[in-house]
Amino acid sequence: MTTPVFSILSKRRCRRGRLVAAMALALPAVATAHGIVSSEREDSPLSVGAGVSASHRWDSVIADSGRWQVPGVLMGGEALGSEQGFTLDAASVQLDWRAGERTHVRLDIGSHHAGEIELEEALVGYRLADSLGLQIEAGRMKARFSTENLSHAYARPFSDNNLVYDAFYGGHVVDEGARLMVTPWAGITLGVEGWRGSQFPATAGDDGGARDVFLHWRWQDGAWQVELGTWAQWAEARDRSDSRYTGGHSHGGDSDTAADALRFDGDQDSQGAGARLAWQRGDWSAGLAAEFVQVDVSGTLRDTTRQAALSGDYRGWWLQPELRWRRQALTLRYTKLVLDNHLTGVAGPDLAAVAGLNHAGHDPDQWAVSYRYQLQDGLGLRLEWTRNRATAEPVNYLAAGLYWSGALWPAGN
Amino acid sequence: MRRCIRRHRRPWLNMVLAACGLLALAGCGGEGETTFDDQGATATAFDWRLPAGTPLPLEPLDNPMTEAKFQLGRHLFYDRRLSGNGTQACADCHLQAQGFSDGLVTPTGSTGEVHPRNAQPLLNVAYHATLTWANPSLLTLEQQILVPLFGETPVEQGINDDNLETVLTRLRDEPVYPPLFEAAFPGRGSVIDMAAVVKALASFVRGMVSFDSAFDRHERGDLQALDASARRGRALFFSEQLECFHCHGGYHLSDSTLDRTMSFIERPFHNTGLFNIGGRGDYPEDNQGLFEITGDPSDMGKFRAPTLRNIALTAPYMHDGSMADLAEVIEFYAAGGRQIAVGPEAGDGRQNPFKDSFVNGFELRQQDQEDLIAFLNSLTDFSFIADPRFSNPWEATP
């Protein structure tokens, strides 16, 4: 694998459409176990799991106004950034129920931001055929194109959400839709998802909606566990506003009337590839997770009186090596965004300024180190240091927190 | 795949190599950037002296801005000889120290006729989508300036067919003018005619731009530029409770805004409930706003929302100058309209059927009112009213 990977890399290094290179980057990486509850429990048809993470952060990249804007990209959805002081990073309860031979139901109720309870998932699944593992799921769901989109602060090494997802996917993609998945060979999953578009970067209704396809491959052999994945997403937006700070949703941020009046009509197409590799021997385990996302934005940016055509070409990637020894885990994460925008039209410079599309003079990036100590089953202590250059001024901060996750039912699991 | 990994006895080496590959990949493409094709929006021969990020106003194709026209216009603006009887200049109703308004309820023209409307402040006029208090057809300064020069209802500067030649002769006899006209309109010789006068006056008024109030500095990021009270007032002004910003918002502090960056032009007018004569929504006969032009009954009492820049300098307020100070204006908005108990104008403006739904009334505590006034005071650009660029040139060269 290694040799072909690097030969592709060297040939393709500086071309646009780096999908192939990105796919090749499906490198060894550590699985950040997401699912606390396996829906395949043998004995009980019902399983309930929960998790919570709370941290104290000594600083934040969020501006004094309370608005978080990564210079160079239109933001939205739930990308609110991590606030200074004590915050509830995430809390959620998941319920999985095998309702019959072929039917399953999943509910996930949680909060990503202090105080706001949301129905993250409410889906019904049906196994259509056993042979190919053909199954359909529908309802409100988190997109499955990447495992990172499913991660919760209590189940990943870092309390801060992934910058790539905050910048390109409004934090994470949760929407109403349907999904078809097949497993043609063991370990390989192929999925297609169709969305109503009620979540950034898409909009619902006329000319809105989103779709994605993904291919995941999992493989385990002795000490090794490998997960590779690649996806493409197409999102269409009409009259999209950044609703993060409006409509009783202020999240402590000032509403900025000029920014709130902006609308975007157009498409965001993205392709990504990622990998997680884990290796374990005795008390030691090590891993690496990485992902590369290429985004094309094309459309019109406007407010009540002005408009300009926007074409954005963005790349984002993150790399996350990890080392564990018994109860301790040390993880490093580097995240970087390269954001190119071109605006055509008399209002381009003004709209770019209002929308926060002007480049900050450096590419947004973030270094973070997390140290976790497992106090007892499910319960852990986390210390983090972050050098966050996602906005114009770099900010360094420490964070300390606790996280817990576990099964509530069947008890004792 | 399986074979490849097995061959690598050292998993770490594998990962490090992979990591390097990823870094190499990410390194290419270099720094991101934001680029523009503004399609000529910043092209101008004039030094507008605008702060970075402020859009340029439109310049008419047949009267592009030049410094020479601006300077000629400035001389004409302050010249009383530019009136029928030689007694009134633009500057007599538009005084720099008062933000180019005149402090009167309504002004009087050169022949003694009283204007029904309050003299408007002149600053950033170039950014208004229509000109004067309520005229949707006055779109350029070149059109508007004909009104004070030649208008008959009322007579302002009182130039007419009979005295036109006399007025032009006065200008031609002034030795300062020929070189100024020559510089402003090169290639025409030093022809002094009304077409050139109007273009030059329009250039001067168009060039009267102001973006240096404490509020502007605050919006540009100097958070200390507003004190705590003005900051609270700013929040009130931009709140859905008071609604002011819907009509007085944006960098121009008016919803009637036009600049080069705009693709969709709005020319709004609003009835704020100042009158409701006879309960029919009527305004006094000489001052009925947009209705006077369109004849559409629903346009009764609709006026352009003025910019609130320099508002502290330009009392009294409203199209008829009927409000003496800002406290009175705020009480009027808090009540959601004006109630007039007695006299020919009696009526409850709060019930005016044509009143804009954003003028709804609200509760204000004493402190809130002080804060809102502190914010309105922060809209004054002191450097603009002291700027020698806009001052009387004849005083420098008597």
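A quick yes/no check of all residues on (1) in the same structural domain as B:LEU82 (by TED's automatic domain parsing); (2) modelled with pLDDT of 95 or more; (3) out of contact with any Asp or Glu (no Cβ under 7 Å at 6 or more places or on another chain):
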{"position": "B:TYR177", "(1), (2), (3)": "yes, yes, yes"}
{"position": "B:LEU180", "(1), (2), (3)": "yes, yes, yes"}
{"position": "B:GLY187", "(1), (2), (3)": "yes, no, yes"}
{"position": "B:VAL191", "(1), (2), (3)": "yes, no, yes"}
{"position": "B:VAL197", "(1), (2), (3)": "yes, yes, yes"}
{"position": "B:ALA200", "(1), (2), (3)": "yes, yes, yes"}
{"position": "B:PHE204", "(1), (2), (3)": "yes, yes, yes"}
{"position": "B:GLY221", "(1), (2), (3)": "no, no, yes"}
Inset, instruction - Return the total of residues in region A:267-298 being closer than 16 Å to A:LEU343 by Cα and at the interface with chain B (Cβ under 10 Å from one of its Cβ atoms). - result: 0
Legend entry - Test set (1) at pLDDT below 95; (2) open to solvent by 10 Å² or more (accessible area, probe 1.4 Å) - A:LEU351 fails condition number: (2)
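Here's the yes/no breakdown for (1) modelled with pLDDT of 95 or more; (2) buried (at least 17 other Cβ atoms within 10 Å of the Cβ); (3) among the small types (Gly, Ala, Ser):
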residue: A:ASP166; (1), (2), (3): yes, yes, no
residue: A:HIS172; (1), (2), (3): no, yes, no
residue: A:ALA178; (1), (2), (3): yes, no, yes
residue: A:ILE188; (1), (2), (3): yes, no, no
residue: A:TRP195; (1), (2), (3): yes, yes, no
residue: A:ASP207; (1), (2), (3): no, no, no
residue: A:ARG211; (1), (2), (3): yes, no, no
residue: A:GLU227; (1), (2), (3): yes, yes, no
residue: A:ALA235; (1), (2), (3): yes, yes, yes
Legend entry - Answer residue from region B:52-78, given it is part of a loop (DSSP other than H, G, I, E, B) and in contact with a Phe, Trp or Tyr (Cβ under 7 Å, 6 or more places away or on another chain) and is farthest from the other protein chains (Cβ to nearest Cβ) among those: B:TYR78
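Taking the condition in a strand (DSSP E or B) and crowded, with 20+ Cβ neighbours inside 10 Å, does A:GLY51 pass?
Values: in a strand (DSSP E or B): yes; crowded, with 20+ Cβ neighbours inside 10 Å: yes.
So A:GLY51 passes the test.
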Inset, instruction - Scan region A:383-398 and give yes if some residue there is part of a loop (DSSP other than H, G, I, E, B), among the hydroxyl-bearing types (Ser, Thr, Tyr) and at negative phi, otherwise no. - result: yes
Legend entry - Restricting region A:128-139 to residues that are in a strand (DSSP E or B) and more than 28 Å from A:GLN271 (Cα to Cα), the residue that is most open to solvent (accessible area, probe 1.4 Å): A:LEU128
Inset, instruction - Select from region A:333-357 the residues that are outside any strand (DSSP E or B) and of a type in the set (Val, Ile, Thr) and write down the one among them that is farthest from the other protein chains (Cβ to nearest Cβ). - result: A:VAL354
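So is A:ALA360 away from chain B (no Cβ under 11 Å) and either buried (at least 20 other Cβ atoms within 10 Å of the Cβ) or small (Gly, Ala, Ser) (or both) or not?
No: the conditions fail for A:ALA360.
For region A:83-102, which positions are of a type outside the set (Asp, Glu) and assigned to a strand (DSSP E or B)?
A:GLY85, A:PHE86, A:THR87, A:LEU88, A:ALA90, A:ALA91, A:SER92, A:VAL93, A:GLN94, A:LEU95, A:TRP97, A:ARG98
Would you mind finding the one in A:TRP325, A:TRP318 that is under 23 Å from the mean Cα position of the chain (by Cα) and more than 18 Å from A:GLU393 (Cα to Cα)?
The unique qualifying residue is A:TRP318.
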Inset, instruction - Kindly indicate whether B:ARG49 is open to solvent by 70 Å² or more (accessible area, probe 1.4 Å), over 30 Å from A:ASP363 (Cβ atoms) and away from chain A (no Cβ under 14 Å). - result: yes
Inset, instruction - Answer yes or no as to whether B:ALA315 is open to solvent by 30 Å² or more (accessible area, probe 1.4 Å) and not aromatic (Phe, Trp, Tyr). - result: yes
Inset, instruction - Filter region B:329-363 for residues that are aliphatic (A, V, I, L, M) and assigned to a loop (DSSP other than H, G, I, E, B) and give the result. - result: B:ALA341, B:VAL342, B:ALA346, B:VAL359
Legend entry - Residue that is open to solvent by 40 Å² or more (accessible area, probe 1.4 Å) and more than 9 Å from chain B (Cβ to nearest Cβ), where the choices are A:LEU301, A:LEU310, A:LEU330: A:LEU330
Inset, instruction - Might you check whether a residue that is open to solvent by 40 Å² or more (accessible area, probe 1.4 Å) and part of a strand (DSSP E or B) occurs anywhere in region A:140-150? - result: yes
Legend entry - Count of residues meeting criterion [surrounded by 22 or more Cβ atoms within 10 Å (Cβ to Cβ) and out of contact with any Lys or Arg (no Cβ under 6 Å at 6 or more places or on another chain)] in region B:259-269: 1
Inset, instruction - Could you check region B:212-274 for helices (runs of 4 or more DSSP H) lying wholly inside it with 1 or more residues that are within 15 Å of the chain's Cα centre (by Cα)? - result: B:214-219, B:244-248
Legend entry - Subset of region A:363-377 that is of a type outside the set (S, T, N, Q) and more than 10 Å from chain B (Cβ to nearest Cβ) - its residue that is surrounded by the most Cβ atoms within 10 Å (Cβ to Cβ): A:ALA368
Inset, instruction - Could you grab the pairs with beta carbons closer than 8 Å, sequence gap of 6+ or different chains, first residue in region B:108-130 and over 17 Å from B:PHE303 (Cβ atoms), second one part of a helix (DSSP H, G or I) and aliphatic (A, V, I, L, M)? - result: B:LEU122/B:VAL205; B:ALA126/B:LEU141; B:ALA126/B:VAL205
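The values are calculated or read from the model by the stated rules, or taken from the named source; none is laboratory data. If you're wondering where the values come from, they're calculated on a predicted model, not measured in any experiment. Backbone-built Cβ (ideal geometry, glycine too); neighbour counts: all protein chains shown. What goes into the accessible areas is simple: the full protein's heavy atoms, side chains included, and nothing from ligands, DNA or RNA. Shrake-Rupley method; radii C 1.70, N 1.55, O 1.52, S 1.80 Å.
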